[in-house]
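Q: What follows is a structure written as structure tokens; I'll ask about it next.
Every number in this text was worked out from the coordinates using simple rules, so none of it is lab data. Here the structure is a predicted model, which is why all the values come from computation and not from measurement. Note that we place each Cβ from the backbone using ideal geometry, even for glycine, and neighbour counts take in every protein chain shown.
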Amino acid sequence: MRLNHLRRGSPGLARGVRLLALTVCLAPGLAVAQVLDKYAPPTAYGYNDEAGVTVTTRLRPDYDAPGVKAGSFVVRPSVYSGLAYDDNLLGLKHKESGTILGTGAALDVRSDWNRHALNGLLSFDNRHVMDGPSGYPSQSTTDYQGVLDGFYDLGRDRLRGAVYHQRLNQSPADIASPTGQRSPTPYDLDGARVGYEKTFNRLTLTPQLELSQYHYGSTKLGGEHVSQSDSDHRTAQAELVARYETSPHRALLGVVRAGTTSYDNDTPGQSSLDSTGLSALVGFDTQADAVFRYRALIGIETRQYKSSDRDGQTTPVVELGGVWTPDGLTTVTGTLSRTIQDATAGNQDEYVYTRGRVVVDHEFLRNLLLNASVGAEYADFIESGGDNQTILTTGVGATWLINRRLKLNAGYQFSQSVSDGPNDYNRNILQLRLDIGF
């Protein structure tokens, strides 16, 4: 699921340079967080060509919103408005198009202390489909979230914590969405996380515990509004992370995680989806020089079910990331992951989810940034006898940094879905968006 983790020292939502993100800005959907990013942040922030600084993380004082100083905190409000055209809102073989008006706002608050940190984020995104398909329910959605996180320094150690609430929507066109879904499915995500970083010279050990709960609303399936409360579930995950610095900018990683998933309401006639899981991964984080950055976690994950009617699943899991910066004006970023994901509906199976993406960002001018991307998603359902779905995407975009307050984004994205079901489809999205930062 998508969650904006706040980190001390990183620019706020309004200040940081954000390139076009079509599926996040104006289209609802599920997003799976990169686990690797938690243990080996992919990039750094800086002003020039320092190691780890990319086109998108480079600070530009002439164009970054300054924020508002409030005592020992920096407040960065931002708003946006945009238009998009989606020629296949529902992800069907027979296309149903619509024009979308997107509006949103965010309030990003960060402490400006020498030690410790306390950060907060409030945001909402409204997606109003002005001329949606006739004969179908409204495709309009409103997402919002609140996040509070921080850390407390204890000598060389650090205590971290976070709490969050999110209202999100699953689109009918999302990968692994329920068969026959014809309207967005709203769901609430609540969670809390606590961890402690203990440093022993070059070795850092971090035990962490995270609890989360999902509550789903109703959606339209097969012409009827159907409650998705059978998708309500709780997860608990404990993990231990080891990071050993072999030399400056080089580290070995080890991660052990154990967790449970408990569904609140069993689907009549279906065996329970309750499960326990265990995974172990090893890898590395290497900043070879200012040109190349490699990150990897490779291991195995097993999932066992409470119901004897369901077979357990053991599969290799992987998260790979690489950044190539051939010069100060171009960055190529690649990611690849393979994980087990929980079911998105009570009558569906959990699935092995594989995702890969390559993005090229180029600073054409100091205030004109271009990007292009290709990506693929693959869902292999565990209990359904080989059912699977693949979504391929390509996109291009541009960001014009007008001044410190204004930023204009434009872009295009094409996607193609191929599955064992009847609804293979193509989809085109065009977008124009204006961001205002303070």
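Q: Taking every eigenvalue of the Cα gyration tensor of segment 49-155, multiplying by 5 and rooting it, what semi-axes result, largest first, whole Å?
A: 38, 17, 14
Q: Moving on to the next point. Of Leu148, Ile429, Tyr187, which is farthest towards the positive pole of segment 22-437's charge dipole, taken about the Cα centre with +1 and -1 on the beta-carbons of Lys, Arg and Asp, Glu respectively?
A: Leu148
Q: In addition: Could you give the length gained by full extension between Arg357 and Leu154, i.e. 0.36 nm per residue of separation minus their alpha carbon distance, to one decimal place?
A: 69.2 nm
Q: Follow-up. R0 = 45 Å: FRET efficiency of Asp264 with Asp112, Cβ-based, nearest 0.05?
A: Efficiency for this residue pair is about 0.60.
Q: Which of the lysines could a cross-linker bridge to Lys95, judged by Cα under 25 Å and excluding same-chain residues fewer than eight apart?
A: Lys220
Q: Now, a different point. Taking square-rooted eigenvalues a ≥ b ≥ c of the alpha carbon gyration tensor, is segment 97-165 rounded, prolate or oblate, where a/c under 1.5 means rounded and, failing that, a/b exceeding b/c means prolate?
A: prolate
Q: Here is a follow-up. Given the Cα-Cα distance of Ile298 and Asn403 and 0.36 nm per residue of separation, how much length would full extension add, in nm?
A: 33.5 nm
Q: Now a separate question. Can you give the convex hull volume per residue for the Cα atoms of segment 22-437, as a whole number of Å³?
A: 137 Å³
Q: Could you list Val241, Val194 so that the one with the fewest beta carbons within 10 Å of its beta carbon is first and the one with the most is last?
A: If I rank by nearby Cβ atoms, fewest first, I get Val194, Val241.
Q: Given Cβ point charges of +1 (Lys, Arg) and -1 (Asp, Glu) and nothing else, what value in debye, to the nearest 20, does the dipole of segment 151-264 about its Cα centre take?
A: Dipole of segment 151-264, to the nearest 20 debye: 520 debye.
Q: If you plug each phi of segment 199-215 into the Karplus form 6.51 cos²θ - 1.76 cosθ + 1.60 with θ = phi - 60°, what whole-Hz ³J(HN,Hα) values come out, in order, with x for Gly and Pro?
A: Per residue, the Karplus-derived 3J(HN,Hα) values read 9, 10, 6, 7, 9, 10, 10, 10, x, 8, 10, 9, 10, 8, 9, 10, 10 Hz.
Q: To continue, here is another question. Between the DSSP loop rule and a limit of at most 12 other Cβ atoms within 10 Å, which trypsin sites (Lys or Arg not before Pro) in segment 153-186 are left?
A: Within segment 153-186, the qualifying trypsin sites (Lys or Arg not before Pro) (loop, at most 12 other Cβ atoms within 10 Å) are Arg156.
Q: Under a point spin-label approximation (7 Å from Cα along Cα-to-Cβ), what is the Asp289-Phe73 distance to one decimal in nm?
A: Between Asp289 and Phe73, the label points sit 4.5 nm apart.
Q: Which residue, Pro207, His165, Gly120, has the largest displacement toward the positive end of the dipole of segment 22-437 when charges sit on each Cβ (Lys, Arg +1; Asp, Glu -1)?
A: After comparing all options, I get Gly120.
Q: With label points built 7 Å along Cα→Cβ from the Cα atoms of Leu278 and Leu368, find their separation and express it in nm.
A: Placing both labels 7 Å beyond Cα along the Cβ direction yields 5.8 nm.
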